[in-house]
Amino acid sequence: PELGLNTADLRLIYVVAVHAQKDVQVLLNLPAPPCPYGDMIPMAPEMACRSVKDINLVRINLTFTPPWNPDIHVSDEAKYQMGIL
């Protein structure tokens with residue numbers, strides 16, 4: 001949130017699975033385990049999934065494997081906005 005970039009551009013979302021029962025499971029990472037926005041970051045993909053018609057259940061799971069690395073995970077557009085490209 002402090003960067004003004006979304007979870008997709010930061011590539012914090014590792015997996016999105018939609019099951020036959022229209023349940024959605026999202027696996028995402030945080031920039032760092034002690035991230036001060038750790039409670040807020042999962043809210044964006046959860047709200048996005050809940051906004052889709054006919055979705056039943058949304059599960060957001062956090063992982064730190066593999067560790068998030070801006071050199072690998074951040075899109076070029078986000079790197080440009082962050083001033084590192």
Mind checking which pairs have a first residue in region 57-79 that is hydrophobic (A, V, I, L, M, F, W, C) and a second that is open to solvent by 80 Å² or more (accessible area, probe 1.4 Å) and part of a loop (DSSP other than H, G, I, E, B), Cβ under 7 Å, 6 or more apart or different chains?
PHE64/PRO33; VAL74/ARG11
Criterion: loosely packed, with under 13 Cβ neighbours inside 10 Å and outside any strand (DSSP E or B) - qualifying residue of LEU3, LEU85:
LEU85
Here the residues within region 9-52 that are free of Cβ contacts under 8 Å to residues at least 24 places away in the same chain, open to solvent by 60 Å² or more (accessible area, probe 1.4 Å) and either within 22 Å of ILE84 (Cβ to Cβ) or in contact with a Gly (Cβ under 7 Å, 6 or more places away or on another chain) (or both) are PRO34, PRO36
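Could you tell me whether THR65 is part of a loop (DSSP other than H, G, I, E, B), touching a strand residue (DSSP E or B) at 6+ places or on another chain (Cβ under 6 Å) and modelled with pLDDT under 95? Spell out how you get there, then give the answer.
On the way: part of a loop (DSSP other than H, G, I, E, B): yes; touching a strand residue (DSSP E or B) at 6+ places or on another chain (Cβ under 6 Å): no; modelled with pLDDT under 95: yes.
No: the conditions fail for THR65.
The values are calculated or read from the model by the stated rules, or taken from the named source; none is laboratory data. In this text, all values refer to a predicted model and were calculated from it rather than measured experimentally. Glycine gets a Cβ as well: all are built from the backbone with ideal geometry, and neighbour counts include every protein chain shown. These area figures cover heavy atoms from the full protein model, side chains too; ligands, DNA and RNA do not enter into them. Shrake-Rupley method; radii C 1.70, N 1.55, O 1.52, S 1.80 Å.
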